[in-house]
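Computed from the coordinates by the stated procedures, all read-outs in this text should not be read as laboratory data. On a predicted model such as this, the values are computed, not experimentally measured, just so you know. In this analysis, Cβ positions are derived from the backbone assuming ideal geometry, glycine residues included, and neighbour counts consider all displayed protein chains.
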Amino acid sequence: MKIAIASDHAGYYLKQETLDIVKKLGHTPIDLGTNYPNESVDYPDFAQKVALEINSGKAERGIIVCGSGVGASIAANKFKGIRAGLCHDTYSAHQAVEHDDMNALCMGARIIGTALAQEIITAFLGAKFSNEERHKRRLDKVISFEK
């Protein structure tokens, strides 16, 4: 899979680790910045980059890292077709894909470290939407809110 990856300055170092993790898992990371850990930038700009990459079809999923992960999640979810979830545990990371068809993972670099991020990313990228009728029905309701 092609995975769009971006961060603000607070998430820069975890983003760099994320690029390596995604590559080691056999996927193709697309680095959308930031490339400057010491220059303050705005997380909505990087959430937008990931959202647009997914919506254009250039990436199948995305990962956004900021300080807490909350801002990235809020910003990404403003885009039609994006279902971003803040996950700091492995259960949420795979369950949100399996039940809710989450296509963007948000993490907080000031909340978790590299080892946990690796487990979360592995769970996120290894999961597939269940296509169970109850999950499709619920997803259709969520998608209808965008209209």
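Structure notes:
- For the chain, taking Cα atoms only, Rg and Dmax work out to 14.1, 47 Å respectively.
- Against the main long axis of the alpha-carbon atoms of the chain, helix 43-55 sits at an angle near 50°.
- Here the 3J(HN,Hα) profile of region 20-35, calculated from phi with Karplus coefficients 6.51, -1.76 and 1.60 at θ = phi - 60°, is 5, 4, 4, 5, 5, 7, x, 9, 9, x, 10, 7, 9, x, 6, 10 Hz, Gly and Pro shown as x.
- Computing FRET efficiency as 1/(1 + (r/R0)^6) for E60 and D140, where r is the C-beta to C-beta distance and R0 is 30 Å, gives about 0.90.
- Helix 133-144 axis versus longest C-alpha principal axis of the chain: approximately 70°, rounded to the nearest ten.
- Measuring r between the beta carbons of I111 and K147 and using R0 = 35 Å, the FRET efficiency lands at 0.55.
- Under 5 Å between amide hydrogens, built in the peptide plane, is the criterion, and for C87 it picks out C106 among residues at least 5 positions away or on other chains.
- Ignoring lysines fewer than eight residues from K136 along the same chain, the ones with Cα atoms less than 28 angstrom from its Cα are K2, K49, K58, K78, K80, K128, K147.
- Ellipticity estimate at 222 nm from DSSP helix runs (n ≥ 4, -39,500 (n - 2.57)) divided over the chain, nearest 500: -14500 deg cm²/dmol
- Least to most buried among T90, T18 (fewest other Cβ within 10 Å first): T90, T18
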